Amino acid sequence: MAKKQLEINIEKFNEKGVGIAFNGNGTKIVISRAIIGDKILAELNKKRKGYIKARILKVIEPSKNRINPKCKSFEICGGCSWQNLEYSEQLKQKEKLVIKNFEDYIKKTNLKLYPIFPAKEIFEYRNKMEFSFSQNQKKTMYLGLIMLGGRFVVDIERCFLANEWFSNVLKEVKTWWERCDFSAYNFFNGEGFLRTLTLKEGKNTKDKMVVLTTSTSTTLDEEQKRDFISSIIKAIGSDNNLSIYLNEQRAKKGEKTTFELTKLFGKDFIKEDLYIKVDKSKIKLSFQIGPHSFFQPNTIQAQNLYSLAINYLNLEEIKDKVIFDLYSGTGTIGMILAKFVKKVIAIEINQDSCNQAKDNLKLNNINNFEMINGDVSLILDEILKDKNFEKPHLIVIDPPRGGLSLEAIENILKILPKNILYISCNPKTQARDIKILTENGYQLKILHPIDQFAQTFHIENIAVLENTL
Ligand SMILES: C[S@@+](CC[C@H](N)C(=O)[O-])C[C@H]1O[C@@H](n2cnc3c(N)ncnc32)[C@H](O)[C@@H]1O
């Protein structure tokens, strides 16, 4: 039976930047790639879970903020969500989301809400991309990004989120794949060989890394390895500052996934430098990045994020104090602050990130930094049991999207630092947690959103709190 068609007007975005309209009965219609102000002829699916999913058949009247996307695959690729929306409007929408979540504080308190900090580079800003290999039943080869909806892979000719060399490598690896004719790994049945191609770049150093991840169903022979390396060098045009790895992933049901890394070419690590502006001076930190290392995906905006956040702190007040860096990842924020305080104690659950942090502490000659591996709430429990623990003046928190656990908040409230710097990629959970903190003696002083991911709905938000008890 043919699906129902309907003319709809897009009224708002949901939290994932997807267009929302309503039909005559008031039922919500959710439609990807539609933007506020569009009048659209939509094809409707059946109502499920209280709403209707739809797709654009025709844009009858485009929104005044609609622009032509740069990327040919934008309509189907899951990488960008807002390439068809004017950048100034992307910023407005992100700011609106922060305001919506913090409405109460904005109305009731003398909170300082700064306008969103925009990105200068709205394309080619990413320093890392992960592309997937895939094949359909006819064995057609696809190498690119996961499609909107998450099931298939879109063949990508040119991804504008990263520098052009990423796309050149993609093209050459695809040709290499056609020559050696391996099968792509199939996530649904666990069969096949080629899984992903991860490309990384030091934006400030121009170092480049290529990681080919495979299953263990077969192996590359020496000739195929040499051919792979030549393809990469051909695509990049030089072998300077290049590192190539083979990463064999062993995944068995019920067993822990393991990886076996073989360096095929070049250096063990690539390097990235960060330049952080503090007052009128600039400090430089260097980071080693390996095949499995985490690093903030937008180097330039990470520099701006950390510079903004640190300039909201009273560095004179913390200069001979202990501070905590919770959910520290590889310890970047703590390492910057270590230059200005007596000691940093960082807590991070991921062992690899902790090891990486330790390497980077050595690289930057930082000696007043203790890295603890474990769950924030449990480690804080232990710290609190120690009667002699030195109370931190400042706690920095940068948790995953889910925000803080209740136990973590309770422990932070027991410690009661003078200031909390809460950086978040999810204003909803950030506002939820800050509500509890403000009900227990903290005042929200500063909010400053920053755009780290142009062309997507993602947002980063800096919040500074002060204990008023
Ligand atoms: C948004 S990232 C922080 C990134 C880091 N601040 C940086 O700038 O590189 C969140 C981190 O929290 C860690 N994490 C998640 N749950 C945790 C927990 N319960 N205890 C400690 N760390 C946790 C994750 O492994 C991840 O590294």
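The values are calculated or read from the model by the stated rules, or taken from the named source; none is laboratory data. Note that this is a predicted model, so its numbers are computed, not measured. Every residue, glycine as well, gets a Cβ built from its backbone with ideal geometry; the counts of neighbours run over all protein chains shown. Just so you know, the surface numbers come from the protein's heavy atoms only, side chains and all, with ligands and any DNA or RNA stripped out. Shrake-Rupley method; radii C 1.70, N 1.55, O 1.52, S 1.80 Å.
Residues in the stretch 1-12 that are within 28 Å of Pro427 (Cβ to Cβ) and open to solvent by 30 Å² or more (accessible area, probe 1.4 Å) were compared, and the one that is farthest from the chain's Cα centre (by Cα) is Asn9.
For Lys445, indicate whether it is part of a helix (DSSP H, G or I), under 19 Å from Ala463 (Cα atoms), open to solvent by 40 Å² or more (accessible area, probe 1.4 Å) and more than 14 Å from the ligand (Cβ to nearest atom). No; evaluated as a whole, the condition is false for this residue. For Lys94, the criteria (1) within 23 Å of the chain's Cα centre (by Cα); (2) of a type in the set (D, E, K, R); (3) farther than 27 Å from Ala431 by Cα hold in every case but one, which is (3).
Looking across the stretch 120-156, just one residue is touching a Ser or Thr at 6+ places or on another chain (Cβ under 7 Å), aromatic (Phe, Trp, Tyr) and not in a strand (DSSP E or B), and that is Phe152. Please find, within the stretch 238-268, the residue that is least open to solvent (accessible area, probe 1.4 Å) out of those that are small (Gly, Ala, Ser) and free of Cβ contacts under 8 Å to residues at least 40 places away in the same chain. Among them, the one singled out is Ser243.
Of all residues in the stretch 218-237, those satisfying the criterion of being surrounded by 12 or more Cβ atoms within 10 Å (Cβ to Cβ) and of a type in the set (Gly, Ala, Ser) are Ser230, Ser231, Ala235. Only residues that are in contact (Cβ under 8 Å) with a residue 40 or more places away in the chain and either open to solvent by 70 Å² or more (accessible area, probe 1.4 Å) or within 13 Å of the ligand (Cβ to nearest atom) (or both) were counted in the stretch 356-379, giving 5. Which number in (1) closer than 22 Å to Val344 by Cβ; (2) assigned to a helix (DSSP H, G or I); (3) open to solvent by less than 10 Å² (accessible area, probe 1.4 Å) marks the one condition that Ile434 misses? Evaluating Ile434 over (1) closer than 22 Å to Val344 by Cβ; (2) assigned to a helix (DSSP H, G or I); (3) open to solvent by less than 10 Å² (accessible area, probe 1.4 Å) leaves (1) as the failure. For the stretch 453-469, a tally of residues being within 23 Å of Tyr125 (Cβ to Cβ) and crowded, with 21+ Cβ neighbours inside 10 Å returns 7.
Name the residues in the stretch 338-378 that are touching a Leu at 6+ places or on another chain (Cβ under 9 Å) and in a helix (DSSP H, G or I), would you? Scanning the stretch 338-378 gives Ala338, Asn360, Leu363, Val376, Ser377.
Scanning the stretch 110-142 for residues that are over 27 Å from Asn304 (Cα atoms) and open to solvent by 40 Å² or more (accessible area, probe 1.4 Å) yields Gln135, Asn136, Gln137, Lys138, Lys139, Thr140, Tyr142. Within the stretch 333-350, if we keep just the residues that are within 19 Å of the chain's Cα centre (by Cα) and surrounded by fewer than 24 Cβ atoms within 10 Å (Cβ to Cβ), the residue that is nearest to Leu421 (Cα to Cα) turns out to be Ile349.
The single condition among (1) open to solvent by 30 Å² or more (accessible area, probe 1.4 Å); (2) in a helix (DSSP H, G or I) that Asp320 does not meet is (2).
Listed here are the residues, each with its yes/no results for (1) among the charged types (D, E, K, R); (2) within 12 Å of the ligand (Cβ to nearest atom).
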| position | (1), (2) |
| --- | --- |
| Ser293 | no, yes |
| Gln303 | no, yes |
| Ala309 | no, yes |
| Val322 | no, no |
| Thr330 | no, yes |
| Ile336 | no, yes |
| Lys343 | yes, no |
| Ile347 | no, yes |
| Cys354 | no, yes |
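Only residues that are within 13 Å of the ligand (Cβ to nearest atom), without any contact (Cβ under 8 Å) to a residue 40 or more places away in the chain and not hydroxyl-bearing (Ser, Thr, Tyr) were counted across the stretch 384-411, and they come to 8. Being under 23 Å from the mean Cα position of the chain (by Cα), in a strand (DSSP E or B) and either more than 16 Å from the ligand (Cβ to nearest atom) or more than 30 Å from Ile122 (Cα to Cα) (or both) holds for only one residue in Thr262, Thr213, and it is Thr213.
In the stretch 60-68, is there at least one residue being closer than 30 Å to Arg432 by Cα, surrounded by fewer than 18 Cβ atoms within 10 Å (Cβ to Cβ) and among the aliphatic types (A, V, I, L, M)? No, every residue in the stretch 60-68 fails to be closer than 30 Å to Arg432 by Cα, surrounded by fewer than 18 Cβ atoms within 10 Å (Cβ to Cβ) and among the aliphatic types (A, V, I, L, M).
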